[in-house]
Amino acid sequence: MLDAALVPLVKRSLDRPAHALAARGVSADQVTLAGFAIGLMAVLAIWAGLFWLALLGLALNRLADGLDGAVARLTQPTDRGAFLDIALDFMVYGLFPLGFALHDPAVNALPAAVLICSFIGTGSSFLAFSIIAEKRGLTSQDYPTKGIYYLGGLTEGTETIALFVAMCLLPAAFPWLAYTFAALCTITTLSRWLAGWRMFG
């Protein structure tokens, strides 16, 4: 919901560090892979109950997620880069609640499972829509710099990261945060199903 407004602002703020990385020969794929590794370490920090360390890892992971696209635009965007970007992002999104389930299975396992299930709904509808949109030659005016067709919704990247921040700051509130966001993800999934039904009919 907020991505379309925030993406241009983030893009401008990353221009200078992206130029510095590109000038040093750092590739977009290297930034993507480094960001994923940091995301995995954040999940391990959650498992260990080191929530402030997890929050730092999340921030660095998101920084890398913005920088890889900025570096790619300065060098040579590739299909592999677009694939890695979205695939590894989705993996981090799924692993983050798993970290809380591993930290306290008795309390967090069920809400984590519900949240991850809702992520499957938003993620699969997002990717399925993108595949058909690409087949039909459609482009997203809201996200012209993305490597694939980017269909928005109530719960997008910005909202998901805000959720993860709240979970790190308030780990005891994980169950109700997970259930609430899962309900919002369900609304997003249904809206994307409806959009696909109407557009691809």
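The values are calculated or read from the model by the stated rules, or taken from the named source; none is laboratory data. Bear in mind the structure is a predicted one, so any value in this text is a computation, not a measurement. Please note: Cβ atoms are built from the backbone with ideal geometry, for glycine as well, and neighbour counts cover all protein chains shown. Remember, those area values only see protein heavy atoms, side chains included, never the ligands or the DNA or RNA. Shrake-Rupley method; radii C 1.70, N 1.55, O 1.52, S 1.80 Å.
The table that follows gives values for the structure above.
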| quantity | calculated |
| --- | --- |
| Amide H partners (placed H, <5 Å) of Glu156, local residues excluded | Leu2 |
| For Ile131, solvent-accessible area (1.4 Å; no DNA, RNA or ligand), Å² | 120 |
| Kyte-Doolittle at least 1.6, axis length at least 27 Å by Cα - qualifying DSSP helices, the chain | 28-47 |
| Cα centre as origin, Lys/Arg/Asp/Glu Cβ charges: the chain dipole, Debye | 340 |
| Solvent exposure, largest accessible area first (probe 1.4 Å, DNA, RNA and ligands not counted), of His103, His19 | His19, His103 |
| Gain on full stretching of the segment that runs from Ala23 to Ala59 - 0.36 nm per residue minus C-alpha separation | 10.6 nm |
| Accessible carbon and sulfur surface of the range 6-87 relative to its total accessible area, %, 1.4 Å | 70 |
| Per residue, the convex hull volume that the Cα atoms of the chain enclose (Å³) | 106 |
| Cα pair distances of the range 59-146 binned at 5 Å [whole percent] | 3, 11, 16, 20, 19, 14, 9, 6, 3, 0 |
| Residue-span extension gain [Leu33 to Ala128] - 0.36 nm each, minus C-alpha spacing | 31.8 nm |
| Residue (of Val31, Leu21, Leu55) at the positive-pole extreme of the range 1-124, dipole from beta-carbon charges | Leu21 |
| Longest site-free stretch - the chain; sites: trypsin sites (Lys or Arg not before Pro), DSSP loop, at most 11 other Cβ within 10 Å | 25-135 |
